[in-house]
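S.K.: Please read through the structure below; I'll follow up with questions.
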């Protein structure tokens, strides 16, 4: 695996997300991608998804629940078939108007030059508190 090429693929994916270029996002994914945010039963968009249709549904659910005002990758590391990105986000819950923020880590796994796995870690407590009236 070419670690530098994988890093460039991930950077382009983030650029496509910012530009709302979903065709660009989906072109970098395998058909059977495993999409795994940190699971919180009270947050609909945190369920495990498999396949491009699952990722599409995740995007729709996420957009219905939160609005991100900042998503900033801060450091990128790569080894063999994985790219790890550490970053920071800020946003607002659509239903409450409450703000949230968190550091995050994304792990992107590759197969045949495409992303076949995504796993994310962030402060679920902060996001859940913004989404609920706690």
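Values in this text are rule-based calculations from the coordinates and carry no lab data. The shown structure was predicted, so the numbers you read here are calculated from the model rather than taken from an experiment. Neighbour counts run over all protein chains shown; Cβ positions are idealised from the backbone, glycine included.
S.K.: Gap in Å between the Cα centre of region 1-17 and the Cα centre of region 34-102?
M.R.: 17 Å
S.K.: If you build a Gaussian network model of the chain, linking Cα atoms that sit under 10 Å apart, which residue out of 87, 51, 97 swings the most?
M.R.: 97
S.K.: Per DSSP H run of at least 4 residues, take -39500 (n - 2.57); add these up for the chain, divide by its residues and hand me the 222 nm value, nearest 500 deg cm²/dmol.
M.R.: Values: 4 runs with 45 residues, N = 134.
Theoretical 222 nm ellipticity from helices: -10000 deg cm²/dmol.
S.K.: Still on this structure: So what's the convex hull volume per residue for the Cα atoms of the chain, in Å³?
M.R.: With only Cα atoms used, the chain gives 90 Å³ per residue.
S.K.: What list do you get for 53, 23 if you sort them by fewest beta carbons within 10 Å?
M.R.: Listing 53, 23 from fewest to most nearby Cβ atoms yields 23, 53.
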